[in-house]
Amino acid sequence: MKYPMLLGALVLGIASTNAYAQSSAHQDEEFVIAYRLPESMTLEFDNQQKAREHLDAVRNLGCEVSPAGTNGHDAVTYLCPKWKSLTVASDELAHQWEEWLTAAGFTTLHGHEAEHEAGHTEEHGHDHDENKHGEEHEEVMFRLSNWATLQPEPELDSQELLAIAKGLGCEVQEPQQTGQPGIQIRCVDWKHLELSTHEDAEYWQQWLTKAGFEANHED
């Protein structure tokens, strides 16, 4: 597996990601991928070095990890049950990481600007009717014109809500006081998500609608 560059290789440490996230707070735009892996994944590698690189990468992404050996191969087992987010320096890097995360078994969320769709297709060389593997995917369009509050739920804590909101590409205001529940979210312009299955698209349309968004999913 090839690793995209993120202010230097991710395997060198997640500190570079955190440093970028802090500095990007003063910029107009952030490029964020939300991700999780609710069921454990085991990947085999043909040598110990590749296994170590993958183990370090998923550990730095906040996963629970353990090395293993199966059928004479080096392997890594990892799990990330809660939503987390990764902030990168450009949309190109966001797509590189989204593809890497998907190939590594993660579920990802990365909101795209609707009006940038044509430019994105030309820049990245693929049609939005197909995903990175050349397979058809589902799209959900969404927006939220006015500020709304997302409250933690039993299945999603405040940090997970924050990761999802950032992954959607929305404006986000975190609580000003420690311990204050909920986050403020707004998404004035239409955006869209690319989902791998019809079931995923239906789930996120329903989730967005429940949260107060206008959300459309065409079958």
Practice problem: From (1) closer than 19 Å to Asn216 by Cβ; (2) more than 20 Å from the chain's Cα centre (by Cα); (3) modelled with pLDDT of 90 or more, pick out the condition that doesn't hold for Arg186. | Solution: (2)
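Here's the yes/no breakdown for (1) under 23 Å from Glu160 (Cα atoms); (2) open to solvent by 40 Å² or more (accessible area, probe 1.4 Å); (3) of a type outside the set (Asp, Glu):
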| site | (1), (2), (3) |
| --- | --- |
| Leu61 | yes, no, yes |
| Ser66 | no, yes, yes |
| Thr77 | yes, no, yes |
| Lys82 | yes, yes, yes |
| Thr87 | yes, no, yes |
| Glu98 | yes, no, no |
Practice problem: Take region 184-219 and flag every residue that is open to solvent by less than 70 Å² (accessible area, probe 1.4 Å) and hydroxyl-bearing (Ser, Thr, Tyr). | Solution: Thr197
Exercise. Take region 25-74 and flag every residue that is modelled with pLDDT of 80 or more, of a type outside the set (D, E, K, R) and more than 24 Å from the chain's Cα centre (by Cα).
Key: Phe45, Asn47, Gln48, Gln49
Practice problem: Go through region 138-219 and tell me which strands (runs of 3 or more DSSP E), entirely inside it, have 2 or more residues that are acidic (Asp, Glu) and under 24 Å from Glu99 (Cβ atoms). | Solution: 138-150
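The values are calculated or read from the model by the stated rules, or taken from the named source; none is laboratory data. Note that this is a predicted model, so its numbers are computed, not measured. So basically every Cβ, Gly included, is an ideal-geometry build from the backbone, and we count neighbours across all protein chains shown. In case anyone asks, the SASA skips ligands and DNA or RNA and just uses the protein heavy atoms, side chains included. Shrake-Rupley method; radii C 1.70, N 1.55, O 1.52, S 1.80 Å.
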